[in-house]
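Enquirer: Sharing a structure here in structure tokens format.
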Amino acid sequence: MHSTALTARRRERELAELASETVDLLVVGGGVTGTGVALDAAARGLSVALVEAHDLAWGTSRWSSKLAHGGLRYLATGDVGVARESARERHVLMTRTAPHLVRALPQVVPLAPGVGRRQGLAAGIGFGLGDLLRRDAGTSSEVLPAPRLARAGEAARLVPAVAREHLHGAWVAHDGQLVDDARLVVALARTAAGRGARILTRVRATDLRADGATLEHTRTGSMLSVRARVVVNATGVWAGTVDPSVRLRPSRGTHLVVPAARLGDPSGALMVPVPGSGSRYVFALPVQLGRVIVGLTDEEAPGPVPDVPVPTQPEISFLLTTVSRVLDQPLGPDDVVGAFAGLRPLVDSADAGDGSNAASSDVSRKHLVAVSPRTGAVNVLGGKLTTYRTMAEDAVDLAVKHAGLTARPCWTADLPLVGAERVSTQLPRSLVARYGSEATEVLASAALPGAASAVGQGIKNTAHLDITRAEIEWAVTHEGALDADDVLDRRTRIGLVPADRAAVREVVGDLVDESLARLSPL
């Protein structure tokens, strides 16, 4: 076994090695799909290199609702296969591969004037059908409790900001919630690296061919031609820019960030039906670092694909108005401390099971895996975060067949990610939630002073940021972070709130620089 630690030194060494080698599989794209493909292939005994133009989880994979959900919405829109697959993959994540990164989250649909009678009934029926999916997947009620009707008092305890006047009770169901989507991507990349995969960020692939690609080191501008027996295009919403034969129909999902205290520090997620819809909801989801994210939208996003999508004012207004329908005190623009948007890479083809005139919210979340007639690479398109593993399995199956490779069958459903071992520690719960069984090592391996101190210690208005200085160092020495932006925006998610980012930017930058300087030479 190789080390799972990703460092700047390892990256440079492994990039240089590619000049004289032919790898079995070249993966282009460092999101959840690409890192899932890299892990699947490496676990089968194939030699693998993954290249990413920016950083791990740079694109859509960091802009999700951070749910490993059972596909209830897809069941409501008729995508029974996707819903069932989602429930089964949620089970795999929560019980075998990443139980340290996923927890059961109560979801609350209040039975109140802001929720129509028919919508309340539809929610109860939907939760019941979702529970059938849970049972079909083999997920026990100890992992995910069955849905039930709750009294008004319990609903208010789970979500203290809910309007209590005429609150008759609530439906309460449970789903899976990731501590963070970007952390899942990093865990996949490191687990793949532990099985020999080369994980190379800041490396852009151009001129994709059936037998390789041209690589550009984005920091130096140097070029390298890499040879591979098969190439997998896992660039998500950018797949069409890499391969012009790909047709995607991007959809923008926007979220708002509000302080958890503004909603009474909820322990459950509030679900508010969208007016006129029986299957769409706006969520208020409690997440780490004292925040609640409110989302999400589903809007067409035609045109060039931006590096970082931007929420629109109509989307922000829609989210605030919808969630405020059931709150004691409405949310307003001044309550919003951050906002983010991601683009879903929906497949625009007959294979997706939709017509070209369908609304983006109705387009199937099925994934598509096919050999490109233009480049000869294997394209893996569409899908969703929860089902990344089956997408990766299908992509590697086709790549192996297409290139005539010899590989063992997929076994990633039983392959724990780094940190997944059982935890027995007295460390802070937040640290364990982010690192699982590696939490002890995060602190013990720190070489910089004040390892257990909060990164914002002594800085005004940062008490809610329970990120330690040791975690900043760990991001550099084990998780492939190359600069402060990698740490702020993807390893810790401090950057989701611009004010938090600005408050600790200098401290984090200094810690990153010191950690990089301490790394051993090539």
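Enquirer: Hand me the list of strands (runs of 3 or more DSSP E) wholly inside segment 177-292 holding 1 or more residues that are not assigned by TED's automatic domain parsing to the domain that holds G382. Don't jump to the end; show me each part of the working.
Expert: On the way: elements: 198-201, 203-209, 212-217, 223-233, 251-259, 269-273, 281-287.
Ranges flagged: 251-259, 269-273, 281-287.
Enquirer: Name the residues in segment 85-125 that are modelled with pLDDT of 95 or more and of a type in the set (K, R), would you?
Expert: R88, R90, R96, R103
Enquirer: List the pairs whose first member sits in segment 356-382 and is under 30 Å from L75 (Cβ atoms), whose second member is surrounded by fewer than 20 Cβ atoms within 10 Å (Cβ to Cβ) and modelled with pLDDT under 50, and whose Cβ atoms are under 8 Å apart, counting only residues at least 6 apart or on separate chains?
Expert: Within 8 Å, the pairs are S364/G353; K366/D351; K366/G353; L368/D351.
Enquirer: Right, here's the next one. Could you tell me whether segment 125-135 includes any residue that is in contact with a Gly (Cβ under 6 Å, 6 or more places away or on another chain), crowded, with 18+ Cβ neighbours inside 10 Å, small (G, A, S) and in contact (Cβ under 8 Å) with a residue 40 or more places away in the chain?
Expert: Yes, segment 125-135 contains at least one residue that is in contact with a Gly (Cβ under 6 Å, 6 or more places away or on another chain), crowded, with 18+ Cβ neighbours inside 10 Å, small (G, A, S) and in contact (Cβ under 8 Å) with a residue 40 or more places away in the chain.
Enquirer: Among all residue pairs at least 6 apart or on different chains, which show Cβ distances below 9 Å where the first residue, located in segment 295-309, is in contact (Cβ under 8 Å) with a residue 24 or more places away in the chain and the second is β-branched (V, I, T) and part of a strand (DSSP E or B)?
Expert: G295/T254; G295/V282; L296/T254; L296/V282; T297/T254; T297/V282; E299/T254; P309/T254
Enquirer: With respect to G436, is the statement that it is in contact with a Gly (Cβ under 6 Å, 6 or more places away or on another chain), farther than 20 Å from D510 by Cα and in a loop (DSSP other than H, G, I, E, B) true? Even if it seems obvious, please write down each step before you answer.
Expert: Numbers: in contact with a Gly (Cβ under 6 Å, 6 or more places away or on another chain): yes; farther than 20 Å from D510 by Cα: yes; in a loop (DSSP other than H, G, I, E, B): no.
Here the answer is no, as G436 does not meet what is asked.
Enquirer: Hey, another quick one. Among the residues of segment 495-521, how many are buried (at least 24 other Cβ atoms within 10 Å of the Cβ) and β-branched (V, I, T)?
Expert: Residues that pass the stated criteria total 2.
Enquirer: Can you tell me which residue among L46, L26 is in contact with a strand residue (DSSP E or B) (Cβ under 6 Å, 6 or more places away or on another chain), buried (at least 24 other Cβ atoms within 10 Å of the Cβ) and assigned to a strand (DSSP E or B)?
Expert: L26
Enquirer: For residues in segment 317-334 being surrounded by 18 or more Cβ atoms within 10 Å (Cβ to Cβ) and in a helix (DSSP H, G or I), which is farthest from the chain's Cα centre (by Cα)?
Expert: Here the answer is S324.
The values are calculated or read from the model by the stated rules, or taken from the named source; none is laboratory data. For clarity, every value in this text was computed on a predicted model and none was experimentally measured. All Cβ positions, glycine included, derive from the backbone under ideal geometry; neighbour counts span all protein chains shown.
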